[in-house]
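Nothing in this text is a laboratory measurement; each read-out follows from the coordinates by a stated rule. None of these values were measured; they are calculated from a predicted model. So basically every Cβ, Gly included, is an ideal-geometry build from the backbone, and we count neighbours across all protein chains shown.
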Amino acid sequence: MAYLVTFHWTWLLASLLLGLAMGWIAVVHRGQGVSKRTARWLAVLAAALVALALARVIPGRPGYWLDLGLIMFALYLAGCAVGSWLRDWALSRDAPAA
Amino acid sequence: MHGLFRWSSKWWPGVIPLVVFWAIAAWTSTPPLESDLAARSTSALKDSVLDKTRIAVAGRDVTFAADAFSEDGRRSAVAAVQAVPGVRQVNDETRLVPEAKPFVWSAERDVVRVTLRGSAPLPASKGRLFEAARAGLGGVEVVDQMNLSRGAPPRFDNVAQLLLDQIGKLKDGKITLSDTKVSLSGMARDLGGREAIAAALKNLPEGFSVAANEIKAPPYIFQAYKDPVAVTLTLTGYVPDNNVHGALATAAGRKFFSEKVVDNLKASVGAPSGFAAAVAPALGALSRLSTGTLVVTDREVKLSGDAFYDAAAAQIRAGLGKDFPQGWQFKAEISVKPAAAPVDATVCQQLFSDLLAKGKIRFESGRASIDPDSAGLLDRLVETALRCPTANIEVAGHTDADGEDAFNQALSEKRAQAVTDYLVKAGLPAGRFTAMGYGSTKPVAGNDTDEGKAQNRRIDFMVRE
């Protein structure tokens, strides 16, 4: 893992920033969200992929690509969470003043 | 927390560029990642002793194939690759090198090259043997056909090194090490090479032994050439040691009374047994030839040349082989020198005097038996006597003044008679010779010095018409 981070830090940073941006936008976004049911399926899918990666079932290059995708996705989610929280915090600080 | 769930339902649009990022990252990073892992794995193995190492990387998975020389070495090599950071898993395709039973190694030399075959225990020892062969055999092509196997006897390297040193002493041949047994065959390069190899094999480490040593020595050659034109005797080839060398040189000086001895002999080990005992009489036979060559090859003596007269040729052919030690062979190709032109009595006398001035007929001390070393001189005297068939010759014996006159008188008569007998045996008519003894009555030098006495002890030939 440490090796992947040092080897791919630019892509991982890009994923994190993308997540931050998406999280920032998501708080005030008016579009359609993912339904609860779909979100549950997506969570199951993600858990299954993580399980596959940890079990090292997929060999060779696809296995590596899966690892890479999961790490980028994890950092994206972390970025989203931080971004959303920051936006929310910024909004709530501005609201009383307004 | 509730907010986070609410917001997260709207995070999905970012996944689309994320997937694009992911695709680009996967596309661009896979080959450099694989080559980086391959390089790291290779460097992790640099202290492992392996053969035929092959590393293939797919993604983060390493397929590692190699021949290891021990189970421990194999396991630790696999563990070293597994420990490389970034490697996800190792497909272990390593195996142990095959075990050779028996463990055979050989070095074979022919005219132009040395070929190393069989098994070596480790790549390092294989390389060392190859380098040692190249260094030790300066200039000879070395061909390495060794493969790697397990099961070498302990101290294999030392033994193989020792055997490689021996291959340098061979002209051609093969040295094989099978487990702990050494077999050798071939021909030594130099005289003494066989003995040197046998001596070196005594240094084999404990547990190793020589199963067969069939190294042959090159022929041991001694040659002597009597040249009547240059009046020389040329000795070439080998003698066993300086004592034999000295003895042969002295004997040659005595037997070849008029020739200059050119001594090109070299001392070398490897002489057949009985060498001195065979060469000395062979030189005596050569001294009786007008021109001739003596070649001693191992235990074969070959004498060719021209005798002075028929009876001498027959005597040499019949007599020489008898003096030889057991196991020696004798081949004679003796012809007879064409008779020289007859001369008159005066010239004959001159020829006798010249011959007897150059050499003296020797006898055993105080006795009348002719020393065999004088056979060459006597044959020359016979030849001269044959050239003046009408002359009558007085063979006169003289002694020095030591001892009783009566004894000296008798001795001089007996010695003169012995010489006459020799001449008659050679085929000359007995009636032409008169044996006379003069005791010490006709000295040619003073009897007060050893030198003078030696000059007085003599046989003279006087031509009487």
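Laid out as a table, the results:
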read-out	value
Order by protection proxy (mean Cβ within 10 Å, highest first), peptides A:9-19, B:86-96, B:337-347	A:9-19, B:86-96, B:337-347
Over the stretch B:18-132: Kirkwood hydrodynamic radius from C-alpha pairwise inverse distances, Å	16.7
Vicinal HN-Hα couplings computed from phi for the stretch A:55-67 (Karplus, 6.51 cos²θ - 1.76 cosθ + 1.60; Hz; Gly/Pro x)	6, 6, 7, 8, x, x, 5, x, x, 4, 4, 4, 4
Candidate aspartates and glutamates for bridging to residue B:442, where Cα separation is under 18 Å - those fewer than 8 sequence places away on the same chain excluded	B:394, B:400, B:402, B:404, B:405, B:413, B:450, B:451, B:460
Shape of chain A, Cα gyration tensor, a/c cut at 1.5	oblate
222 nm mean residue ellipticity, helices alone, for chain B (DSSP H n ≥ 4; -39,500 (n - 2.57); rounded to 500)	-12000 deg cm²/dmol
Eligible aspartates and glutamates near residue B:255 by straight Cα distance, threshold 18 Å, same-chain separation 8 or greater	B:227, B:263, B:306, B:323, B:354, B:364, B:371, B:373, B:379, B:383
On Cα atoms only, tilt of B:123-136 relative to the major axis of chain B in degrees	30
Fraction of alpha-carbon pairs over 25 Å apart in the stretch B:221-336 - percent	14
Residue exposure sequence - A:89, B:328 - by fewest surrounding Cβ within 10 Å	A:89, B:328
Average beta-carbon neighbours from other chains, 10 Å sphere, peptide A:85-93	1
DSSP beta bridge pairing in the stretch B:345-464, given as percent antiparallel to the nearest 5	60
Restraint check, B:302/B:360; B:302/B:337; B:101/B:202; B:216/B:322; B:260/B:358, Cα-Cα greater than 21 Å	B:302/B:360; B:101/B:202; B:216/B:322
Cysteines (scope the protein assembly as shown) whose Cβ has no counterpart Cys Cβ under 4.7 Å	A:80
Antiparallel bridge percentage (DSSP; both residues within chain B; nearest 5)	55
Radius of gyration, Dmax [the stretch B:341-409; alpha carbons; angstrom]	14.1, 44
When the convex hull of its Cα atoms is projected in every direction, mean area for chain B (nm²)	38.6
Rounded to 5, the percent of DSSP beta bridges in the stretch B:209-276 classed as antiparallel	45
The protein assembly as shown - Rg over Rh from alpha carbon coordinates, Kirkwood radius	1.53
For the stretch B:28-33, 3J(HN,Hα) per residue [Karplus equation, 6.51 cos²θ - 1.76 cosθ + 1.60, θ = phi - 60°, Hz, x = Gly/Pro]	8, 8, 4, x, x, 4
FRET efficiency for residue B:96 and residue A:9, using Cβ-Cβ distance with R0 set to 45 Å, rounded to 0.05	0.60
